[in-house]
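To start, the structure under review is shown below, and the notes come after it.
The values are calculated or read from the model by the stated rules, or taken from the named source; none is laboratory data. The model shown is predicted, which means the values in this text are computed figures rather than measured ones. Every residue, glycine among them, receives a Cβ derived from its backbone with ideal geometry; neighbour counts consider all protein chains shown.
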Amino acid sequence: MLTGSIVVYNNNLLKLRKSIESFLGDREHHKLFLIDNSPTDYFRNLFSSSDDRIIYIHNGENIGFGAGHNIAISKASQLNSNYHVILNPDVFFDTNVLDNLINFMQSNKDIGLVMPKVLYPDGSLQYLCKLLPRPVDLFLRFFFVNTRMLNKNNEVFELQKSGYNRIMNVPYLSGCFMFCRKNILNEIHGFDERFFMYFEDVDISRRINSISRTVYYPDVQIFHHHEKGSFKNFKLLKIHIKSAIKYFNKWGWFFDSERRKINKKTLNSQTFK
């Protein structure tokens, strides 16, 4: 059995429906947890009443991205799933993606987390393979948008020179689509709920990477609308900065020797066979 979870908060209905259909398809044994942080349970009758593969949970308040997924991760343990997929409500993909990822994980037992190639709906590439962030990486992204300095830094931070066309060990993978080995999620106790939104994917990638491999796998692809809300909304920007401060307080600001070691190894690594 494969389980997955989507955390929603007043999301676009058409995008959400497409994401749900991508995960479930015609698979009888998949289970999807729809964790609703919206004020009302509007989505309940739209989905769970018509499909028993959907397990709908309404929290009645916005408890955050990681905390919402943790509810699903905990309940998925009761279903004996081997793999759990963390999904955004704005991703969609073809039916063969999940089967290919299962086969890849079964052939590579040392991998705890894998992310496929991620494209915008128009087919252009999203650079979502990253090094562990330094304070300067975030400072440039927040305050030097669309500058030559930022673009030059992103070439390294986002591993752009790799070409995104080969399998890579990557320490920070995007939370928009995380295909996880379930026992690894259990071992690290899921997301750190101190991160309400943003940086929860950096943190969980790093903790998974400490006990297994975290891998980019470009042989399959998904599509992601990727709104970049914190670059358009001041309230979200403040949440993003607050989460960044929590992250660096936890892992270290300028003297994170583990970060330097991991990033150096990533930049020096080659494709594994």
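Take the residues in the stretch 152-166 that are polar (S, T, N, Q) and surrounded by 13 or more Cβ atoms within 10 Å (Cβ to Cβ), then tell me which one is farthest from the chain's Cα centre (by Cα).
The qualifying residue farthest from the chain's Cα centre (by Cα) is ASN153.
Taking into account only those residues within the stretch 16-41 that are assigned to a helix (DSSP H, G or I) and under 17 Å from the mean Cα position of the chain (by Cα), which is surrounded by the most Cβ atoms within 10 Å (Cβ to Cβ)?
Per the stated criteria, the residue is SER19.
Which one of the conditions (1) on the phi > 0 side of the Ramachandran plot; (2) modelled with pLDDT under 95 does PHE144 fail to meet, given that it meets all the rest?
(1)
Inside the stretch 201-246, can you point out the residues that are touching a Leu at 6+ places or on another chain (Cβ under 6 Å), modelled with pLDDT under 95 and either surrounded by fewer than 21 Cβ atoms within 10 Å (Cβ to Cβ) or of a type outside the set (A, V, I, L, M, F, W, C) (or both)?
Result: GLY229, SER230.
Among the numbered criteria (1) touching a Pro at 6+ places or on another chain (Cβ under 9 Å); (2) in contact (Cβ under 8 Å) with a residue 40 or more places away in the chain, which one does GLU61 miss?
If we test GLU61 against (1) touching a Pro at 6+ places or on another chain (Cβ under 9 Å); (2) in contact (Cβ under 8 Å) with a residue 40 or more places away in the chain, just (2) comes out false.
Pairs needed: first member in the stretch 148-163, among the hydroxyl-bearing types (Ser, Thr, Tyr); second member anywhere, buried (at least 16 other Cβ atoms within 10 Å of the Cβ); C-beta distance under 7 Å; at least 6 residues apart or different chains.
Short answer, once both residue conditions are applied: SER162/MET168.
So, ASP110, is that one over 29 Å from LEU13 (Cβ atoms) and surrounded by 14 or more Cβ atoms within 10 Å (Cβ to Cβ) or not?
When the stated conditions are applied, ASP110 does not pass them.
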